[in-house]
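All remarks here apply to the structure that follows.
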Amino acid sequence: MEKVELKQGLRPAMTISSEGNAYLQDSQFWNLFKNDPSSCNIVMRTSAGLVYLLAALLEPFIPSFSVEVLRQLNLPRPHLSLCDEILDIDRARRPWEILPSGHDIGTPKPLFKELKDEEVEFYREIFAGSQADWIEKADAAKKVAEQLKKTKM
């Protein structure tokens, strides 16, 4: 984050997201729910722990996402941490232990909305270009603002 290498900063979260999704699908929790509730509980606790980890890792990038995840997990806001001093890194290695057994989660709802094609095109037009283009536009806007300040009306 300090070096503004955003892709590098997001890589651990994206890896956990991808691996967590594969774990959830491969476990076939829908079958476990019917045939092996004990194993299903472990899968669900692990998955919820992975969601917590994602919220912690994505908090610097999307704070509102993390707040909503904690609300849906029914966890207090200060709970979000991956601080090594309090052994959170060690706890992150065991995501099935992050939420206590029997923990009641809040009401789930979608965290992101699907964008329609028109919205995607709208945002593409607004945010198109490179960082250099944005700097150039910002510099041009500053020059116009300075000229307006000098202009007598």
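The values are calculated or read from the model by the stated rules, or taken from the named source; none is laboratory data. Just so it is clear, the model here is predicted, and its values are computed rather than measured. A quick note on method: Cβ atoms are made from the backbone with ideal geometry, for glycine too, and the neighbour counts reach across all protein chains shown. When the accessible area is computed, the model is the full protein with side chains, heavy atoms only, and any ligands, DNA or RNA have been set aside. Shrake-Rupley method; radii C 1.70, N 1.55, O 1.52, S 1.80 Å.
Tell me, yes or no, whether the stretch 75-90 has at least one residue that is modelled with pLDDT of 80 or more and open to solvent by less than 60 Å² (accessible area, probe 1.4 Å).
To start, the set of residues in the stretch 75-90 that are modelled with pLDDT of 80 or more comprises 75.
If we keep only those that are open to solvent by less than 60 Å² (accessible area, probe 1.4 Å) too, we end up with 75.
So far as the stretch 75-90 goes, yes, one or more of its residues are modelled with pLDDT of 80 or more and open to solvent by less than 60 Å² (accessible area, probe 1.4 Å).
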Response to the item:
Condition set without any contact (Cβ under 8 Å) to a residue 40 or more places away in the chain and surrounded by 10 or more Cβ atoms within 10 Å (Cβ to Cβ), scope the stretch 104-119, selection nearest to Ser66 (Cα to Cα): answer is Gly106
Worksheet item: Considering the stretch 17-53 alone, what residues qualify as being modelled with pLDDT of 90 or more, within 18 Å of Ile89 (Cα to Cα) and within 13 Å of the chain's Cα centre (by Cα)?
Response: Ser17, Leu50, Val51
Worksheet, complete the sentence: In the stretch 9-22, residues that are free of Cβ contacts under 8 Å to residues at least 40 places away in the same chain and open to solvent by less than 100 Å² (accessible area, probe 1.4 Å) total 6
Discussion item. Please count how many residues of the stretch 23-66 are open to solvent by 70 Å² or more (accessible area, probe 1.4 Å) and either in contact with a Lys or Arg (Cβ under 9 Å, 6 or more places away or on another chain) or of a type in the set (A, V, I, L, M, F, W, C) (or both).
Written reply: 4
